[in-house]
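Okay, structure first, notes after.
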Amino acid sequence: MLAEEKAMLVPGIEEFGRVDRATADVRPEPVVNSHESMLVARLRAGDISAFEDLVYEYQPLVYALSLRILADPEDARDTAQETFLKVYRNFDKFRGEASLKTWICRIAINQARSTERWWRRRFRSATSSLDDPHPCNDDGLSPAERIPSSGATPEAEAMSKERGVRVERALGCLKKDFRIAVILRDLEGWSYEEIAYTLELSIGTVKSRIARGREMLRNLLQQEEKGSV
(Lines give C-alpha, C1' and ligand atoms only; values in the text may rest on other atoms or scores of the structure.)
Protein backbone atom coordinates (compact mmCIF):
# COMPACT_ATOMS: atom_id res chain seq x y z
CA MET A 1 0.00 0.00 0.00
CA LEU A 2 1.32 3.45 -0.91
CA ALA A 3 0.63 4.88 2.53
CA GLU A 4 2.62 2.16 4.25
CA GLU A 5 5.51 2.39 1.81
CA LYS A 6 5.97 6.09 2.54
CA ALA A 7 5.24 5.90 6.24
CA MET A 8 8.65 5.46 7.82
CA LEU A 9 11.16 7.39 5.72
CA VAL A 10 13.55 8.60 8.42
CA PRO A 11 16.64 10.80 8.07
CA GLY A 12 19.83 10.44 10.03
CA ILE A 13 20.35 12.61 13.09
CA GLU A 14 22.33 15.11 11.01
CA GLU A 15 19.06 16.12 9.34
CA PHE A 16 17.44 17.34 12.53
CA GLY A 17 17.51 21.11 12.90
CA ARG A 18 18.72 21.74 9.34
CA VAL A 19 15.47 23.43 8.34
CA ASP A 20 15.55 25.79 11.30
CA ARG A 21 19.06 27.03 10.62
CA ALA A 22 18.10 27.87 7.07
CA THR A 23 14.80 29.60 7.89
CA ALA A 24 15.22 30.77 11.48
CA ASP A 25 14.16 34.37 10.69
CA VAL A 26 11.50 33.55 8.11
CA ARG A 27 7.84 33.55 9.06
CA PRO A 28 6.12 31.20 6.60
CA GLU A 29 2.76 32.22 5.18
CA PRO A 30 -0.12 29.73 5.12
CA VAL A 31 0.10 27.73 1.90
CA VAL A 32 -3.13 27.53 -0.10
CA ASN A 33 -2.35 26.45 -3.65
CA SER A 34 -4.69 26.33 -6.59
CA HIS A 35 -4.92 22.53 -6.45
CA GLU A 36 -6.10 22.62 -2.85
CA SER A 37 -8.52 25.45 -3.58
CA MET A 38 -10.07 23.46 -6.41
CA LEU A 39 -10.30 20.35 -4.23
CA VAL A 40 -12.01 22.30 -1.44
CA ALA A 41 -14.45 23.83 -3.93
CA ARG A 42 -15.33 20.38 -5.29
CA LEU A 43 -15.82 19.01 -1.78
CA ARG A 44 -18.11 21.88 -0.83
CA ALA A 45 -20.10 21.24 -4.00
CA GLY A 46 -20.69 17.66 -2.85
CA ASP A 47 -18.49 16.00 -5.47
CA ILE A 48 -17.98 12.41 -4.20
CA SER A 49 -14.97 11.86 -6.47
CA ALA A 50 -13.31 14.84 -4.77
CA PHE A 51 -13.37 13.01 -1.46
CA GLU A 52 -11.79 9.98 -3.13
CA ASP A 53 -9.05 12.27 -4.43
CA LEU A 54 -8.59 13.72 -0.95
CA VAL A 55 -8.13 10.27 0.58
CA TYR A 56 -5.66 9.24 -2.14
CA GLU A 57 -3.60 12.39 -1.64
CA TYR A 58 -3.49 12.57 2.14
CA GLN A 59 -3.64 8.92 3.18
CA PRO A 60 0.17 8.41 3.17
CA LEU A 61 0.68 11.37 5.50
CA VAL A 62 -2.18 10.44 7.84
CA TYR A 63 -1.02 6.83 8.05
CA ALA A 64 2.58 7.87 8.67
CA LEU A 65 1.65 10.20 11.54
CA SER A 66 -0.65 7.59 13.06
CA LEU A 67 1.98 4.88 12.83
CA ARG A 68 4.66 7.00 14.46
CA ILE A 69 2.35 7.93 17.31
CA LEU A 70 0.83 4.49 17.91
CA ALA A 71 3.68 2.24 16.71
CA ASP A 72 1.17 -0.37 15.57
CA PRO A 73 0.28 -0.82 11.87
CA GLU A 74 -3.24 -2.11 12.54
CA ASP A 75 -4.05 0.72 14.94
CA ALA A 76 -2.58 3.20 12.46
CA ARG A 77 -4.79 1.87 9.66
CA ASP A 78 -7.87 2.07 11.90
CA THR A 79 -6.92 5.60 12.94
CA ALA A 80 -6.49 6.67 9.32
CA GLN A 81 -9.90 5.23 8.45
CA GLU A 82 -11.58 7.00 11.36
CA THR A 83 -9.80 10.22 10.44
CA PHE A 84 -11.21 10.28 6.93
CA LEU A 85 -14.68 9.37 8.20
CA LYS A 86 -14.51 12.41 10.47
CA VAL A 87 -13.21 14.56 7.63
CA TYR A 88 -16.16 13.47 5.49
CA ARG A 89 -18.74 14.00 8.21
CA ASN A 90 -17.35 17.32 9.43
CA PHE A 91 -16.08 18.97 6.29
CA ASP A 92 -18.69 21.70 6.66
CA LYS A 93 -16.68 22.83 9.73
CA PHE A 94 -13.56 23.50 7.65
CA ARG A 95 -13.24 27.30 7.54
CA GLY A 96 -9.90 27.65 5.79
CA GLU A 97 -8.11 29.00 8.87
CA ALA A 98 -5.26 26.66 7.95
CA SER A 99 -4.44 24.52 4.95
CA LEU A 100 -6.55 21.46 4.26
CA LYS A 101 -3.52 19.26 5.02
CA THR A 102 -3.03 20.87 8.43
CA TRP A 103 -6.72 20.59 9.29
CA ILE A 104 -6.78 16.89 8.36
CA CYS A 105 -3.62 16.18 10.36
CA ARG A 106 -5.07 17.87 13.44
CA ILE A 107 -7.97 15.42 13.23
CA ALA A 108 -5.56 12.50 12.67
CA ILE A 109 -3.37 13.33 15.66
CA ASN A 110 -6.37 13.79 17.94
CA GLN A 111 -7.78 10.48 16.70
CA ALA A 112 -4.47 8.71 17.36
CA ARG A 113 -4.40 10.11 20.87
CA SER A 114 -7.97 8.93 21.43
CA THR A 115 -7.04 5.46 20.20
CA GLU A 116 -4.11 5.31 22.60
CA ARG A 117 -6.26 6.43 25.52
CA TRP A 118 -8.91 3.85 24.58
CA TRP A 119 -6.36 1.04 24.80
CA ARG A 120 -4.96 2.34 28.07
CA ARG A 121 -8.39 2.33 29.67
CA ARG A 122 -8.79 -1.29 28.73
CA PHE A 123 -5.35 -2.28 30.06
CA ARG A 124 -4.17 -3.82 26.79
CA SER A 125 -0.99 -5.56 27.86
CA ALA A 126 0.61 -5.62 24.44
CA THR A 127 -0.14 -2.03 23.49
CA SER A 128 2.60 0.44 22.62
CA SER A 129 2.43 3.44 24.91
CA LEU A 130 3.13 6.81 23.36
CA ASP A 131 5.88 7.14 25.92
CA ASP A 132 7.47 3.75 25.24
CA PRO A 133 10.00 2.73 22.58
CA HIS A 134 8.58 1.51 19.29
CA PRO A 135 8.44 -2.27 19.33
CA CYS A 136 9.28 -4.66 16.53
CA ASN A 137 6.55 -6.44 14.63
CA ASP A 138 5.86 -10.16 14.68
CA ASP A 139 8.53 -10.86 12.07
CA GLY A 140 11.17 -9.09 14.14
CA LEU A 141 11.47 -6.06 11.86
CA SER A 142 10.94 -2.51 12.97
CA PRO A 143 8.77 -0.22 10.79
CA ALA A 144 11.87 1.48 9.38
CA GLU A 145 13.25 -1.87 8.28
CA ARG A 146 10.13 -2.48 6.20
CA ILE A 147 10.92 0.32 3.74
CA PRO A 148 11.26 -1.11 0.23
CA SER A 149 14.53 -0.74 -1.60
CA SER A 150 15.07 2.63 -3.28
CA GLY A 151 17.56 1.26 -5.81
CA ALA A 152 20.65 2.43 -3.89
CA THR A 153 23.78 0.31 -3.62
CA PRO A 154 23.62 -2.45 -0.98
CA GLU A 155 26.19 -0.62 1.16
CA ALA A 156 24.37 2.73 1.01
CA GLU A 157 21.03 1.05 1.58
CA ALA A 158 22.36 -0.79 4.63
CA MET A 159 23.82 2.39 6.12
CA SER A 160 20.63 4.34 5.45
CA LYS A 161 18.51 1.59 6.98
CA GLU A 162 20.74 1.45 10.05
CA ARG A 163 20.49 5.22 10.55
CA GLY A 164 16.75 5.08 10.08
CA VAL A 165 16.33 2.27 12.59
CA ARG A 166 18.45 4.07 15.17
CA VAL A 167 16.59 7.37 14.78
CA GLU A 168 13.20 5.66 14.78
CA ARG A 169 14.10 3.73 17.93
CA ALA A 170 15.25 6.93 19.63
CA LEU A 171 12.10 8.76 18.54
CA GLY A 172 10.07 5.99 20.14
CA CYS A 173 11.74 6.75 23.47
CA LEU A 174 10.66 10.39 23.48
CA LYS A 175 7.56 11.39 25.38
CA LYS A 176 4.62 11.89 23.06
CA ASP A 177 4.48 15.71 23.17
CA PHE A 178 8.12 16.08 22.17
CA ARG A 179 7.98 13.21 19.67
CA ILE A 180 5.02 14.64 17.76
CA ALA A 181 6.57 18.11 17.61
CA VAL A 182 9.88 16.77 16.28
CA ILE A 183 8.13 14.53 13.74
CA LEU A 184 6.06 17.40 12.34
CA ARG A 185 8.99 19.81 12.14
CA ASP A 186 11.95 17.65 11.16
CA LEU A 187 10.40 14.71 9.34
CA GLU A 188 7.40 16.40 7.73
CA GLY A 189 8.98 19.85 7.33
CA TRP A 190 6.03 21.80 8.75
CA SER A 191 6.21 25.47 9.71
CA TYR A 192 5.86 26.52 13.34
CA GLU A 193 2.48 28.05 12.51
CA GLU A 194 1.18 24.78 11.07
CA ILE A 195 2.37 22.82 14.08
CA ALA A 196 0.91 25.36 16.51
CA TYR A 197 -2.48 25.16 14.79
CA THR A 198 -2.45 21.37 14.63
CA LEU A 199 -1.44 20.87 18.26
CA GLU A 200 -3.44 23.87 19.50
CA LEU A 201 -0.39 25.43 21.14
CA SER A 202 1.40 28.75 21.05
CA ILE A 203 4.35 29.07 18.67
CA GLY A 204 6.64 29.59 21.67
CA THR A 205 5.54 26.29 23.20
CA VAL A 206 6.02 24.55 19.86
CA LYS A 207 9.58 25.86 19.53
CA SER A 208 10.36 24.82 23.10
CA ARG A 209 9.09 21.28 22.54
CA ILE A 210 11.04 20.91 19.31
CA ALA A 211 14.27 22.16 20.90
CA ARG A 212 13.90 19.87 23.91
CA GLY A 213 12.87 16.94 21.75
CA ARG A 214 15.91 17.35 19.50
CA GLU A 215 18.21 17.55 22.49
CA MET A 216 16.72 14.40 23.98
CA LEU A 217 16.98 12.65 20.63
CA ARG A 218 20.64 13.50 20.21
CA ASN A 219 21.41 12.39 23.76
CA LEU A 220 19.67 9.07 23.19
CA LEU A 221 21.60 8.44 19.98
CA GLN A 222 24.89 9.39 21.61
CA GLN A 223 24.18 7.02 24.49
CA GLU A 224 23.40 4.26 22.03
CA GLU A 225 26.64 4.88 20.14
CA LYS A 226 28.68 4.75 23.34
CA GLY A 227 26.96 1.55 24.37
CA SER A 228 27.78 -0.11 21.06
CA VAL A 229 31.49 0.71 21.21
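The values are calculated or read from the model by the stated rules, or taken from the named source; none is laboratory data. Every value quoted in this text rests on a predicted model; they were computed, and no experiment measured them. Ideal geometry is used to build each Cβ from the backbone, glycine not excepted, and the neighbour counts take in all protein chains shown.
Of everything listed in (1) buried (at least 16 other Cβ atoms within 10 Å of the Cβ); (2) modelled with pLDDT under 90, the single unmet condition for GLY46 is (1).
Conditions (1) without any contact (Cβ under 8 Å) to a residue 12 or more places away in the chain; (2) touching a Ser or Thr at 6+ places or on another chain (Cβ under 8 Å); (3) among the aliphatic types (A, V, I, L, M), marked per residue:
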| residue | (1), (2), (3) |
| --- | --- |
| ARG44 | no, no, no |
| ALA50 | yes, no, yes |
| VAL55 | no, no, yes |
| GLN59 | no, no, no |
| SER66 | no, yes, no |
| ALA71 | no, yes, yes |
| ASP75 | no, yes, no |
| ASP78 | no, yes, no |
| VAL87 | no, no, yes |
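So, of the residues in segment 91-101 that are crowded, with 17+ Cβ neighbours inside 10 Å and not in a helix (DSSP H, G or I), which turns out to be modelled with the lowest pLDDT? Filtering segment 91-101 for residues that are crowded, with 17+ Cβ neighbours inside 10 Å and not in a helix (DSSP H, G or I), the one modelled with the lowest pLDDT comes out as ALA98. Residues of segment 64-90 that are aromatic (Phe, Trp, Tyr) and either closer than 20 Å to LEU174 by Cβ or surrounded by fewer than 16 Cβ atoms within 10 Å (Cβ to Cβ) (or both): TYR88 alone. Taking the numbered list (1) crowded, with 21+ Cβ neighbours inside 10 Å; (2) in a helix (DSSP H, G or I) in turn, TRP190 passes all entries but (2).
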